[in-house]
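The structure under discussion appears below in the form of structure tokens.
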Amino acid sequence: MTTATTRTPRTPPARPGAATDRPTPPGGPGTSLPSLTGLRWLAALLVFGLHINNFGYLGGQAGRLVSWAFTPGGTGVSFFFVLSGFVLTWSARPDDRAPGFWRRRIARVYPVHLATALLAVTVAFAMGRPALPTWKQTLANLSLTHSWWQPWWQTLNPVSWSLACEAFFYALFPALFWLLRRLNARGTLVLGALAAVTALVLAWADAHHWLSQPLYSLPAARLPEFVLGTVTARLVLLDRWRGPGLEGSLALAILGYFLVPQVAPGYAATSCTLAGFTLLIPAAAVADLRALPSLWRGRRLVRLGELSFAFYMVHLLVLRAGISVLGDKPRFGAVAGTGVTAAAFAVSLGLSWALFEGVERPVRRLLLRGRRTEELPPVRKEPVTAD
């Protein structure tokens, strides 16, 4: 698989004096960014580790180590939201219309969402626990609106709550992209600052229980993370990004990750990792554009990144099914717990490959047949959400 292929889409000439007349970075907006695909896998792995910890596979010292390493793993969702904004802005077509964009988004995420919703029902029946949602809850899940009402946020496949957030982002993106293309670099920075301040204020409010509904799964509350991704992509496209390099931004992201246990659980964790993630993503993109060293663009890691959406969508169902065999929170020792974790990982990865090759890719092609598809190299995949 090629990880450095480039293709620059044709764009209409910009009007004189517009913000789009700014120089673009080497390679332009059609360039492949494989490091972002590799980083997607790391974020999905953090979420997997969080759920391994929550399901109590390991006890004793090994369990404490897993808890230390993966209690902040839910921040992988925040990474995906920022990454989603970045990649959608990077790959956006200036002459595209909203219906075409929405059609491609539906073709990208909905087949796997529907397949894993059906798998969730199958797992529930197989475990003898067919406590199925009501028809209203099911309709909300299938329409990706269930995360707006907190009691329904984990209907059917629990991790699909983040897709409801993404659906909200997709609905707003054409208008947001229209705005970004009319802002110069300074205006774009102001928009990013407003998004960051909004996220921090919401984190403070959630930590102090000022609001009646927790904000962790509320799509409107997660919008600032997505906006920050769009802003950083726009600054890179304008050749006005001046953030730290890949090593420095990664160090800041790791520091914020391990600060998470020091704040209130839930949405407040966003305040710890927001700066690091917002800097890391454009730093990785710039590293690819300038052919700088990057740990994240290896062929195998990019391939795993391609599977990350399906992996994210299926892994929790695998862990749920395992309860019927392993029991609830078995707390195995280090050797047995590691073996069970490796088995759950292998099954999840195998199913994610099957979903990617058997559902995600072919159904997407079928739905977009005869229409102009993404003008991107094969490795240029858009990021999807995670829990």
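Residues considered: Leu200, Leu223. Of these, the only one that is touching a helix residue (DSSP H, G or I) at 6+ places or on another chain (Cβ under 8 Å), more than 26 Å from Asn54 (Cα to Cα) and surrounded by fewer than 17 Cβ atoms within 10 Å (Cβ to Cβ) is Leu200. Could you tell me whether any residue of the range 183-203 is of a type in the set (D, E, K, R), closer than 25 Å to Phe309 by Cα and at pLDDT 95 or above? No: the range 183-203 contains no residue that is of a type in the set (D, E, K, R), closer than 25 Å to Phe309 by Cα and at pLDDT 95 or above. Taking Ala268 as the residue in question, decide whether it is out of contact with any His (no Cβ under 6 Å at 6 or more places or on another chain), modelled with pLDDT under 95, within 30 Å of Ala346 (Cα to Cα) and outside any loop (DSSP other than H, G, I, E, B). No, not satisfied. Taking the condition of being surrounded by fewer than 18 Cβ atoms within 10 Å (Cβ to Cβ) and at pLDDT 95 or above, how many residues in the range 313-330 meet it? Matching residues across the range 313-330 total 0.
Exactly one residue out of Ala354, Ala342, Ala310 is touching an Asp or Glu at 6+ places or on another chain (Cβ under 9 Å), at pLDDT 95 or above and not β-branched (Val, Ile, Thr): that is Ala310.
Residue by residue, here is whether (1) over 16 Å from Pro330 (Cα atoms); (2) among the β-branched types (Val, Ile, Thr); (3) at pLDDT below 95 holds:
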position: Arg15; (1), (2), (3): yes, no, yes
position: Thr24; (1), (2), (3): yes, yes, yes
position: Pro29; (1), (2), (3): yes, no, yes
position: Ser32; (1), (2), (3): yes, no, yes
position: Gly38; (1), (2), (3): yes, no, no
position: His51; (1), (2), (3): no, no, no
position: Gly63; (1), (2), (3): no, no, no
position: Phe70; (1), (2), (3): yes, no, no
position: Gly73; (1), (2), (3): yes, no, no
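Consider Leu163 carefully, then state whether it is under 22 Å from Leu119 (Cα atoms) and at pLDDT 95 or above. Yes: the conditions hold for Leu163.
Scanning the range 201-244 for residues that are of a type in the set (Ser, Thr, Tyr) and in a loop (DSSP other than H, G, I, E, B) gives Ser212, Tyr216, Ser217.
Residues satisfying the criterion are present in the range 205-221 (criterion: touching a Phe, Trp or Tyr at 6+ places or on another chain (Cβ under 6 Å), of a type outside the set (Phe, Trp, Tyr), under 30 Å from Gly350 (Cα atoms) and modelled with pLDDT of 95 or more). Within the range 77-97, take every residue that is among the hydroxyl-bearing types (Ser, Thr, Tyr) and more than 21 Å from Pro158 (Cα to Cα) and give me the one that is surrounded by the fewest Cβ atoms within 10 Å (Cβ to Cβ). Ranking the candidates gives Ser91 first.
Being among the small types (Gly, Ala, Ser), assigned to a helix (DSSP H, G or I) and in contact (Cβ under 8 Å) with a residue 24 or more places away in the chain, is that true of even one residue in the range 133-140? There is no residue in the range 133-140 that is among the small types (Gly, Ala, Ser), assigned to a helix (DSSP H, G or I) and in contact (Cβ under 8 Å) with a residue 24 or more places away in the chain. It is to be established whether one or more residues within the range 195-217 are over 20 Å from the mean Cα position of the chain (by Cα) and more than 21 Å from Ala269 (Cα to Cα). No: zero hits. When each of Val363, Val318, Val260 is tested for being assigned to a helix (DSSP H, G or I), in contact with a Cys (Cβ under 6 Å, 6 or more places away or on another chain) and either of a type in the set (Val, Ile, Thr) or more than 29 Å from Trp68 (Cβ to Cβ) (or both), the lone residue that passes is Val260.
This table checks each residue for (1) touching a Ser or Thr at 6+ places or on another chain (Cβ under 6 Å); (2) surrounded by fewer than 18 Cβ atoms within 10 Å (Cβ to Cβ).
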| position | (1), (2) |
| --- | --- |
| Thr75 | yes, no |
| Pro99 | no, yes |
| Arg104 | no, no |
| Val112 | no, no |
| Ala115 | no, no |
| Thr134 | no, yes |
| Leu139 | no, yes |
| His146 | yes, no |
| Trp153 | yes, no |
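Taken over the range 133-188, the criterion of being more than 21 Å from the chain's Cα centre (by Cα), within 18 Å of Leu237 (Cα to Cα) and not small (Gly, Ala, Ser) is satisfied by Trp178, Leu179, Leu180, Arg181, Arg182, Leu183, Asn184, Arg186, Thr188.
The values are calculated or read from the model by the stated rules, or taken from the named source; none is laboratory data. All figures in this text were calculated on a predicted structure; none of them were measured in a lab. Using ideal geometry, Cβ is built from the backbone for each residue, glycine included, and neighbour counts are taken over all protein chains shown.
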